[in-house]
Amino acid sequence: MNSHPTDPYPPPLDLLLTELTGVSRRSARVFLHGVGRAGLMLKVKAFAMRLFHLGLSSHLVSDVTTPPISSPDLLIASAGPGGFSTVDVIFSIAKSCGAKVVLITAQSERGSCVKHTTDMCYVPAQTMASDGGGATEKG
């Protein structure tokens, strides 16, 4: 029997707190991106604002004022089904710049984004890929 429902991944809140604490200690920045239902759930703009209120430098990937990502920074992106072409590209660029990359997903092993992540924040949930609605992964 699993000790928690996200085994073998750490509890999502623990992982996010650890990563955000690291950002604060490194005086790094947090970049956020969300797509589909997972993006709505994350409420990326609201989350970025709350991180700013906590004293972290936070940015939305899609904003025109977003600075370039670099090695001490953290990118957190949500992709419920584990992969979208746009998220794949964003992750690949962030990783090539030396940033840490955290994926929030309900599909920890199936999605195309998995290969680009530094850490996985697995949240067991129904996604477009598992709801039987015939939706496919698109960016």
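A Förster radius of 35 Å combined with the Cβ-Cβ distance from Glu109 to Thr65 puts the calculated FRET efficiency at roughly 0.45. As a proxy for reagent exposure, Ile76, Ile69, Ile93 were ordered by neighbouring Cβ count within 10 angstrom, fewest first; the result is Ile93, Ile69, Ile76. Backbone geometry of region 59-71 corresponds, through the Karplus equation with coefficients 6.51, -1.76 and 1.60 at θ = phi - 60°, to 3J(HN,Hα) couplings of 9, 9, 4, 8, 6, 6, 8, 5, x, x, 7, 9, 4 Hz, x marking Gly and Pro.
Amide H contacts for Phe31 (H built 1.01 Å from N in the peptide plane; partners 5 or more residues away or on another chain; cut-off under 5 Å): His59, Leu74, Leu75, Ile76.
Read-outs: derived from the displayed coordinates by stated rules, not from any lab. Small disclaimer: the values here were computed from a predicted structure and weren't measured. Positions of Cβ are generated from backbone atoms using ideal geometry, with glycine treated the same way; all protein chains shown enter the neighbour counts.
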